[in-house]
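Below is one structure, written out as structure tokens; the observations come after it.
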Amino acid sequence: MTVGCPEKISIMSSLLQNNTIIYSATAIFICAVIHTFCASKIVALSHKRPKGSMSEKVLHFLGEVEVVFGFWAFIFLTLLSLLLGMSASLNYLNEIDFKETVFVFVIMCMSATKPVMYLADRGISLLSAFFSKILFLNKRITLFSCIFIFGSLCGSLITEPVAMTVCALLLQEHFFSKTSNLKFKYAMLGLLFVNISIGGTLTHFAAPPVIIVTGAWQWDLPFMFTHFGWKSAIAVFIGTILTAFYFRKAIKETEKLDKPKEGRQKTPYWIILVNVFFLILCIVYHKYISFLVPLFLLFVGWFEVTKEYQNPLKIREALLVGFFLGGIVTLGGLQQWWLIPLVNSLNPTTMFLGATGLTAITDNAALTYLGTLVPNLSDAMKYSLVAGAVAGGGLTVIANAPNPIGYGILNKNLGEDGISPLYLLLGALPFTIIAISCLLFL
């Protein structure tokens, strides 16, 4: 969603003046949200159909959470083409800013490689061993805490999508794959989503809902750290420590299933450095699709040359996440007809709580973007909007852009029906309350 070009603004404005279009877009958006909450039920229904049959494949496809918003966005574009012609759909798509979608796809592929994961695993393991010694704590508990605290807060430097990928893969290896305790798993999932959402607010360039507003509202690094960062860090620390204490027995039991690492092939440090260099280039120039695409193609060539030291690229998972985000952006642009009047009717406190609730049913970056369209918004209202949006970023899979990455990595560990939206909501709720308390009252 691009701001600043009169021609593009007139295209969006013309669509917003058409009641049939905006009501249809909102109705389809509501259908997509309902579909998201029914995804696990659809997957369960697919298992009752004959294996390999067309009905089983269709139901399984419709039960993929990452597919939902892209699927309904395609339905909306088809309707738009029927009502206004194909040119209207093409012009609308041409107006939408898909930089974030492309960036998430590329960064997920690059960060989920063996050299990057080795570096992250090694760094967190060293931190874990250090704190275990000086604090006389169980090594497994300190590893758990370091992944959630340092991994999440590093999202403010390496961006939230990278932090989500790294943390989810480490949790998959060390904890999710080694326990059958569903309560523990959903607590970890909720904590991960909330920590990543608020952990990227220490800087002004890492979290999608923050990136959207920094240019329009002139928020810089000092502003973000003094108004958001330290509060978010406290919330991350409190939520993680409470979870580690409550599930200390379940955490310790996962250590029994650890496999020896001696047989693993070592990755040369120069290969690690080159992979990290690609990652840095991607993060620094994430706003330029014309640079990201050839950079990714060059990375694929590098991957093929060093294939023996790499894990298989997560192309399918990254494409599904990109499809998901593209669908949200496509449908979200035409929701401002009801969101802006709603925002104007609130005070800072109700804005904070309202933004937290709305984030559960729409991407928080889309929500904060719409806030930049509201004229004469006070500083208190701006803070409440962004703080509420990031605080509620863990309530659902669609609440925060990096969440589908974690979903794609951890989904198979939550049973054959995948992640339950209700259990995710319940798992994230305690940590959301902690985030709200820190951001609202500190």
**OP:** Starting from residues that are polar (S, T, N, Q) and open to solvent by 10 Å² or more (accessible area, probe 1.4 Å), keep the ones in the range 397-442 and report whichever is nearest to Ile234 (Cα to Cα).
**Re:** Ser437
**OP:** Count, please, the residues in the range 291-323 that happen to be of a type in the set (S, T, N, Q) and open to solvent by 50 Å² or more (accessible area, probe 1.4 Å).
**Re:** 1
Original post:
Do any helices (runs of 4 or more DSSP H) entirely within the range 1-113 hold 3 or more residues that are touching a residue at least 24 places away in the same chain (Cβ under 8 Å) and over 23 Å from Ser420 (Cα atoms), and if so, which?
Top reply: 6-16, 19-46, 65-84, 86-95, 99-111
**OP:** Name, by its number, the condition in (1) at positive phi; (2) buried (at least 22 other Cβ atoms within 10 Å of the Cβ); (3) not small (Gly, Ala, Ser) that does not hold for Phe103.
**Re:** (1)
Original post:
Considering only residues of the range 204-227 that are open to solvent by less than 10 Å² (accessible area, probe 1.4 Å) and not in a helix (DSSP H, G or I), which is modelled with the highest pLDDT?
Top reply: Ala207
Original post:
Under 6 Å by Cβ, and 6 or more places apart or on different chains, what pairs join a residue from the range 273-290 that is within 10 Å of Met110 (Cα to Cα) and buried (at least 16 other Cβ atoms within 10 Å of the Cβ) with one that is modelled with pLDDT of 90 or more and of a type outside the set (Lys, Arg)?
Top reply: Phe278/Phe299
Subject >> Selection within the range 23-62 - farther than 23 Å from Leu80 by Cα, crowded, with 17+ Cβ neighbours inside 10 Å and small (Gly, Ala, Ser) >> reply: Ala39, Ser40, Ser46
Original post:
Which is at negative phi and open to solvent by 30 Å² or more (accessible area, probe 1.4 Å), of Leu135, Leu143?
Top reply: Leu135
Original post:
Checking Leu80 against (1) surrounded by fewer than 19 Cβ atoms within 10 Å (Cβ to Cβ); (2) more than 19 Å from the chain's Cα centre (by Cα), which single condition isn't satisfied?
Top reply: (1)
Original post:
Any idea which of (1) over 25 Å from the mean Cα position of the chain (by Cα); (2) more than 30 Å from Ile283 (Cα to Cα); (3) not basic (Lys, Arg) is the one Asn91 doesn't satisfy?
Top reply: (2)
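The values are calculated or read from the model by the stated rules, or taken from the named source; none is laboratory data. Being a predicted model, the structure only gives us computed values, none of them experimental. Neighbour counts are summed over all protein chains in view; Cβ atoms, including those assigned to glycine, are modelled from backbone coordinates with ideal geometry. These accessible areas exclude ligands, DNA and RNA; they are computed on the full protein's heavy atoms, side chains included. Shrake-Rupley method; radii C 1.70, N 1.55, O 1.52, S 1.80 Å.
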